[in-house]
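The values are calculated or read from the model by the stated rules, or taken from the named source; none is laboratory data. This one's a predicted model, so the numbers in the text were calculated from it and none came from an experiment. Methodologically, a virtual Cβ is constructed for each residue, glycine included, from the backbone with ideal geometry; neighbour enumeration extends over all protein chains shown. To get the accessible areas, we keep the full protein, side chains included, count just its heavy atoms, and leave off ligands, DNA and RNA. Shrake-Rupley method; radii C 1.70, N 1.55, O 1.52, S 1.80 Å.
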Amino acid sequence: MQVGLITDSLGSRPLDEVLDITAELSLDTVEIATGNWSESPHANLGELVSRKAARDELAGRIAARGLTLSALNANGNSLHPVSGPAHDACVRDSIRVASEMGVPTVVMMSGLPGARGEKSPNWITTSWPPETLEILEYQWNEVAIPYWTELAAFARRHDVRLAIEMHARQLVFNPTTLRRLQDEVGDDVVGANLDPSHLMWMGADIPTVIRALGSSIFHVHAKDARVETHNLAVNGINDTLPPARSAERSWNYVTLGLGHPGGATFWADFVYGLKAVGYSGPLNIEHEDIVVGSLEGVRKSAELLRSVVLRDPADWTPADI
């Protein structure tokens, strides 16, 4: 495994400074956002698509620090009834750039359609009243599956894997919905970007999630979440308050080790669980803690992951037992 950084975690700083910090922290990889919901402070996707010199220059700046580019990130909503085509264009350009640069993975979300004729996405979270399931089947069968069948074929032609971040207000938000998509479009090119923080606040047990996903884990984001039990006890887990009102929310994204009750022990178990299912890729730190400064949060996260990461292959093989 490798420990890395999503450069948007330090998005207010120029790329060269972020790369220097990443190297100083003895990290191995970076993940760079290319657009959609990110302002893409560290990449100009248009230039990367059109100019080999721009791709070479970016690769050189990363390699000069002894780092690798482990993924591009194009998180957005390609299934949005209005803005979906623009988000899809960013995804496809990101796949093209990843292919040209030898980057194995593009991180993205599944997207979320509206109901038939709607102009806004519609996240179905219950099976009642009855029209909810009608909406859900429309979203899957008439929007998502046709789109993802074609996108998977596009990624396959470019030899790039798509790592879907299971996230609230997305059609794919847990392992079961990811498996439904994989069953339709193929699990060779579509898998999981495992960001445990989203599944934590939704109530999933992360070790069980890892075992359920197994080889479908293509990529990992290292991000923590804290369930604020004093607010949860009053309002339940569903929460529409903005992150700026963190003291009132039922849950918050926090610096690694400060959220899940297990602390550093949880993250050691997390790494071991990943290794047990054969994962050997990056653990890319994503800092979204509004209480802790971004540089301090990244440093503390890096210290924690460096102390628990398992880098070397096992000595034994199945033939030995």
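Values computed for the structure shown
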quantity	calculated
Pairs with Cβ under 8 Å, 6+ apart, first in the range 96-113 and charged (D, E, K, R), second open to solvent by 50 Å² or more (accessible area, probe 1.4 Å) and assigned to a helix (DSSP H, G or I)	Arg96/Val49; Glu100/Lys52
Candidate set: the range 255-275, residues that are hydroxyl-bearing (Ser, Thr, Tyr) and within 16 Å of Glu303 (Cβ to Cβ); chosen: the one most open to solvent (accessible area, probe 1.4 Å)	Thr265
Condition check for Glu296: acidic (Asp, Glu) and over 20 Å from the mean Cα position of the chain (by Cα)	yes
So Leu213, is it among the aliphatic types (A, V, I, L, M), under 24 Å from Val277 (Cα atoms) and either buried (at least 16 other Cβ atoms within 10 Å of the Cβ) or more than 14 Å from the chain's Cα centre (by Cα) (or both)	yes
Verdict on Ser294 being within 26 Å of Val103 (Cβ to Cβ), among the hydroxyl-bearing types (Ser, Thr, Tyr), touching a residue at least 40 places away in the same chain (Cβ under 8 Å) and open to solvent by less than 10 Å² (accessible area, probe 1.4 Å)	no
Selection within the range 297-321 - crowded, with 16+ Cβ neighbours inside 10 Å and touching a Phe, Trp or Tyr at 6+ places or on another chain (Cβ under 9 Å)	Leu304, Leu305, Val308
Subset of the range 273-321 [among the β-branched types (Val, Ile, Thr) and either within 20 Å of Ser38 (Cα to Cα) or touching a Lys or Arg at 6+ places or on another chain (Cβ under 9 Å) (or both)]	Val277, Ile285, Ile290, Val292, Val298
Some residue of the range 156-163 being of a type in the set (D, E, K, R), open to solvent by 20 Å² or more (accessible area, probe 1.4 Å), on the phi < 0 side of the Ramachandran plot and touching a Ser or Thr at 6+ places or on another chain (Cβ under 7 Å)	yes
Hey, Asp88 open to solvent by 10 Å² or more (accessible area, probe 1.4 Å), more than 22 Å from the chain's Cα centre (by Cα) and at pLDDT 95 or above or not	no
Selected residue [outside any strand (DSSP E or B), in contact with a Ser or Thr (Cβ under 6 Å, 6 or more places away or on another chain) and farther than 21 Å from Ala276 by Cα] from Gln139, Gln170, Gln182	Gln170
Arg169 closer than 30 Å to Tyr253 by Cα, at pLDDT 95 or above, exposed (fewer than 15 other Cβ atoms within 10 Å of the Cβ) and under 16 Å from the mean Cα position of the chain (by Cα)	yes
Residue tally, condition under 15 Å from Ala144 (Cβ atoms) and either surrounded by fewer than 16 Cβ atoms within 10 Å (Cβ to Cβ) or not hydrophobic (A, V, I, L, M, F, W, C) (or both), over the range 119-129	3
Residue list for the range 155-175, restricted to those being more than 20 Å from Val49 (Cβ to Cβ) and touching a helix residue (DSSP H, G or I) at 6+ places or on another chain (Cβ under 8 Å)	Ile164, Glu165, Met166, His167, Ala168, Leu171, Val172, Phe173, Asn174, Pro175
Close pairs from the range 126-146: first under 21 Å from His80 (Cβ atoms) and of a type in the set (Phe, Trp, Tyr), partner open to solvent by 80 Å² or more (accessible area, probe 1.4 Å) and in a loop (DSSP other than H, G, I, E, B), Cβ under 7 Å, at least 6 apart	Tyr138/Arg116
Sole residue being at negative phi, among the polar types (S, T, N, Q) and crowded, with 19+ Cβ neighbours inside 10 Å, chosen from Ser83, Ser38	Ser38
Selection from the range 185-207 of residues that are assigned to a loop (DSSP other than H, G, I, E, B) and open to solvent by 10 Å² or more (accessible area, probe 1.4 Å)	Gly186, Asp187, Asp188, Met202, Gly203, Ala204, Asp205
Leu58 vs. criteria open to solvent by less than 70 Å² (accessible area, probe 1.4 Å) and in contact with a helix residue (DSSP H, G or I) (Cβ under 6 Å, 6 or more places away or on another chain)	no
